[in-house]
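The values are calculated or read from the model by the stated rules, or taken from the named source; none is laboratory data. Keep in mind that this is a model prediction, so the values were computed, not measured. A quick note on method: Cβ atoms are made from the backbone with ideal geometry, for glycine too, and the neighbour counts reach across all protein chains shown. For the accessible areas, the whole protein counts, side chains as well, though only heavy atoms, and no ligand, DNA or RNA atoms are used. Shrake-Rupley method; radii C 1.70, N 1.55, O 1.52, S 1.80 Å.
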Amino acid sequence: MLDITQPPSQPLVAASILSADFGAMAEDCRDVLGKGADLLHIDVMDGHFVPNLTMGADMIRGVRRHFPEVFLDVHLMVERPGDYVDSFAQAGADLFAFHVEVCKPMRPGGVDAGELIKRIRAAGMSPGMVVNPPTTIDQLEQGMGPHLGDLDLALVMSVNPGRSGQVFITDVLEKTRWLKERTGPGTRIEMDGGLNIETTPNAVAAGADVIVTASALFGSDDRAKVIVAMKAAGA
Ligand code: DX5
Ligand code: ZN
């Protein structure tokens, strides 16, 4: 099993199963893992934080059953992430990433990130926090800054969350550099949205070391080539 706290020598490629064939999920995952994807990224949407509905504990459990050794990175685009800590841990999630936008102080009366991080660790998972494109560095400093030392991963959204196949938002690179400067070697910087062979080098240069890809990977007729190119982006 991948140790997410170890700095990788090349960017890790996280295959986002949102663009996999839902009717042939295990087969599609086996294909991209065989072609070099390092981990699987599972996008959970609740129909409130974002309009779309996607998958939950049953999908995590199903993927885990087929791939006992593969790192499962779960990205929760949900209003109440605390409701899912125990069920997702039991289903086999390795990393549980929740949005800074649902936490205090950005959301008055919202989630207490410090408490949630403790619960995620106690459940045996790695904690991650996610930031949306419109969230400013000041808001990030207040919302994520105090927790950076406790996180295994900080995830920068490079599209507005909700669906795959959108265009990369270059503005988020500044935030990525900010995060890279403030985190130690044990915290991965992940980027998610609009990443392809052209945009990945900029993401990596800004400090990202985990590259999420849905449409550029699953939609390609040469998936191995996409993965090789993304991993070579740091060289
Ligand atoms: C977007 C999801 C992403 C998405 C990326 O809300 O969080 O993980 O699957 O899709 P692409 O790579 O197509 O932009
Ligand atoms: Zn995602």
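In percent, how large is the relative contact order of the chain, given Cα pairs closer than 8 Å and 6 or more residues apart? If you can, show how the numbers build up before the last one.
On the way: 482 pairs, mean separation 53.0, N = 235.
Value for the chain: 23 percent.
Summing +1 for each Lys or Arg and -1 for each Asp or Glu, what net charge is found among the other residues whose Cβ lies under 11 Å from the Cβ of PHE168? Don't skip to the end; give the middle numbers.
Values: positive: none; negative: ASP171, ASP192, GLU198.
That sum, taken over residues with Cβ under 11 Å, equals -3.
Using just the alpha carbons, could you tell me how many Å³ per residue the convex hull of the range 5-145 encloses? Before the final figure, lay out the partial values.
Numbers: hull volume 17.6 nm³, N = 141.
Measuring per residue, one finds 125 Å³ for the Cα hull of the range 5-145.
For the range 151-219, count the residues as N, evaluate 2.2 N^0.38 Å, and divide the Cα radius of gyration by that value, please. Write down the numbers at each step before the final one.
Values: Rg = 11.4 Å, N = 69, 2.2 N^0.38 = 11.0 Å.
Compactness ratio reported: 1.04.
Please compute the Kirkwood hydrodynamic radius over the chain, one decimal place, Å, based on all pairs of different Cα atoms. Intermediate results must be reported in sequence, preceding the final value.
Numbers: mean 1/r = 0.0577 Å⁻¹.
One decimal place: 17.3 Å for the Kirkwood radius.
Out of every Cα pair in the range 1-54, what percent are spaced more than 19 Å from each other?
40 percent
Ignoring ligands, DNA and RNA, what percent of the accessible area of the chain is carbon or sulfur (1.4 Å)? Provide the component values of the computation, followed by the final result.
On the way: 4750 of 9810 Å².
The computed percentage sits at 48.
What percent do you get for the relative contact order of the range 126-212 when only Cα pairs under 8 Å and 6+ apart count? Before the final figure, lay out the partial values.
On the way: 143 pairs, mean separation 26.0, N = 87.
Relative contact order comes out at 30 percent.
Rounded to the nearest Å, what's the spacing between the alpha carbon centres of the range 155-195 and the range 70-131? Just the number, please.
Each part reduced to its Cα centre gives a spacing of 18 Å.
For the range 119-235, build the charge dipole from Cβ charges (+1 Lys, Arg; -1 Asp, Glu) around the Cα centre, then report which of ALA203, THR136, SER126 sits farthest towards its positive end.
Working it through, the farthest residue towards the positive pole turns out to be SER126.
Using 7 Å Cα-to-Cβ label points, what is the SER9/ASN52 separation (nm, one decimal)?
According to this spin-label approximation, the distance is 3.5 nm.
What does the charge count near GLU190 come to, summing +1 for each Lys or Arg and -1 for each Asp or Glu among other residues with Cβ under 14 Å from its Cβ?
Values: positive: LYS175, LYS180, ARG188; negative: ASP38, ASP43, ASP73, ASP94, ASP152, ASP192, ASP209.
Once positives and negatives cancel, what remains is -4.
When only C-alpha pairs under 8 Å and at least 6 residues apart count, what is the relative contact order of the range 1-68, in percent?
Averaging sequence separation for qualifying contacts and normalising by length gives 29 percent for the range 1-68.
From the P(r) of the range 101-218, can you give the percent of Cα pairs sitting at distances over 26 Å?
Details: 1228 of 6903 pairs.
Everything past 26 Å amounts to 18 percent.
Accessible area per residue of the range 15-149 at 1.4 Å probe, in Å²? Please report the intermediate quantities before stating the final value.
Working: 5600 Å² over 135 residues.
Spelled out: the 1.4 Å probe surface of the range 15-149, per residue, equals 42 Å².
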